[in-house]
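Have a look at the structure below, then the notes.
What follows draws every value from the coordinates through simple rules; no lab data is involved. Predicted, not measured: the structure shown is a model, and the values here were computed from it. Note: ideal-geometry Cβ built from the backbone for every residue, glycine included; neighbour counts use all protein chains shown.
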Amino acid sequence: MSWIRIIPYEQASGKLKQLYERVKGPNNYIDNILLAHSLRPHTLYGHLALYKNVLHNSQNSLPKWYLESLGVYVSLLNGCDYCVQHHRAGLKRLLDSPERFEQIVGALQQADFSSAFGQRFQLGLQYAQKLTLSARQMEEADIAQLREAGFSDGEILEINQVVSYFNYANRCVLGLGITTDGELLGLSPGNSDEPDNWHHQ
């Protein structure tokens, strides 16, 4: 599950138990990436607030399937199989077509975006790649290119925040040895503008 001790739902108390109650899924299920924060509940609160607002807030204007695609791609770049598995499952739930899902995942795995994404979304994925692998080389021209492709500054911020969140989450997972052992894949909070609605379903 992880290389550090975790406090399971059944043994939690106080602030940690309150947070678990807010995030738990069916049968008191909690993702291992969240359990890994259990020794410092304040970090669990911070992780959940960022995750919910970056990926599952109805005030975002980019399609949720695209935000999930960015997350899968960043996780592939970082070699984070845990996040790839979870967010592939989440992406599959969002798409009506199994064929479309396979097309997108194949494009992300091959880093050949033209087969599954329009030019605008391809540029967003290229931005994600550069920010993940070569952050020190980012420059204002990267933002200008996204603007020219038709992204608003707010949408550019959405892309930046999703890419940054997944780099954080990937490093939490890889740095603590978190695995998918015993997990239900693809559960997530609802897409709402309630920042504290974290219930996974």
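Miscellaneous remarks
- 30 Å Cα-Cα threshold exceeded, pairs from LYS17/LYS52; LYS15/LYS92; LYS64/LYS130; LYS17/LYS130: LYS15/LYS92; LYS17/LYS130
- Placing dummy labels 7 Å off each Cα toward the beta-carbon, the span from GLU140 to GLN126 is 2.0 nm.
- GLN59 paired with GLU21, simple spin-label distance in nm, labels 7 Å along Cα-to-beta-carbon: 2.7
- The charge dipole of the chain, taken about its Cα centre with unit charges on the Cβ of Lys, Arg, Asp and Glu (plus for the first two, minus for the last two), comes to roughly 540 debye.
- The chain: relative contact order as a whole-number percent, Cα under 8 Å and 6+ apart: 35
- Three principal axis extents of segment 64-176 based on alpha-carbon atoms, in descending order, are 35, 34, 23 Å.
- Electrostatic tally near VAL173: other residues with Cβ closer than 13 Å to its Cβ, Lys and Arg +1, Asp and Glu -1, net -3.
- Nearest 10 degrees, 0 to 90: helix 41-55 Cα axis against the chain principal axis: 30
- Options SER13, GLY46, ILE143, ranked by Cα towards positive dipole end of the chain, top entry (Cβ charges): SER13
- For volume of the Cα convex hull per residue in Å³, calculated from these coordinates, the label among (1) 181; (2) 106; (3) 119: (3)
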